[in-house]
1. Counting just the residues of the range 15-29 that are at pLDDT below 95 and touching a strand residue (DSSP E or B) at 6+ places or on another chain (Cβ under 6 Å), which one comes out nearest to MET61 (Cα to Cα)?
2. Are there any strands (runs of 3 or more DSSP E) wholly within the chain with 2 or more residues that are loosely packed, with under 11 Cβ neighbours inside 10 Å and on the phi > 0 side of the Ramachandran plot, and if so which?
3. Could you give me the residue pairs with C-beta distances under 6 Å whose first residue belongs to the range 62-74 and is touching a residue at least 40 places away in the same chain (Cβ under 8 Å) and among the small types (Gly, Ala, Ser), whose second residue is assigned to a helix (DSSP H, G or I) and surrounded by 15 or more Cβ atoms within 10 Å (Cβ to Cβ) wherever it lies, and which are 6+ apart or on separate chains?
4. Could you please tell me which pairs satisfy a Cβ distance under 6 Å, a separation of 6+ or placement on different chains, a first residue in the range 46-58 that is within 12 Å of HIS2 (Cβ to Cβ), and a second residue that is of a type in the set (Val, Ile, Thr) and not in a loop (DSSP other than H, G, I, E, B)?
Amino acid sequence: MHVVIQHRIKDPEQFFAGDPEQVASGGPPGVRGRQFVVSQDKSAAVCLWEADSVENLRDYMDGLTGDSAENTYFEVDGEMSMGLPEGAQASA
């Protein structure tokens with residue numbers, strides 16, 4: 001499944017301290033980051049993930065972001081969405 005995270009960034013220095021490539025590939029099995037989009041003023045970001053569950057992704061990302069951001073998660077409706085990575089499947 002695809003999951004989007006909307007980040008409302010409260011502490012940009014802490015939030016952006018990690019390497020985005022490492023964060024995207026360093027999650028638990030079945031979780032992989034695909035896109036990361038950041039606002040010019042660094043107060044918001046949106047990312048697209050492949051995940052075996054929203055809960056596994058939430059556990060991983062909330063642990064990384066801590067108090068630096070307020071994160072909102074939702075499963076993507078693949079039939080209604082455009083521009084999703086083709087052939088991308090989360091591994092369980």
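The values are calculated or read from the model by the stated rules, or taken from the named source; none is laboratory data. Quick caveat: nothing in here was measured; it's all calculated off a predicted structure. With ideal geometry, Cβ positions are generated from the backbone for all residues, glycine too; neighbour counts draw on all protein chains shown.
1. For the range 15-29, the residue satisfying everything is ALA24.
2. Here the list is empty.
3. SER68/PHE15; ALA69/PHE15
4. Short answer, once both residue conditions are applied: CYS47/ILE5; LEU48/VAL4; TRP49/VAL3; ALA51/VAL3; ALA51/VAL31; VAL54/VAL3; LEU57/VAL3; LEU57/VAL31.
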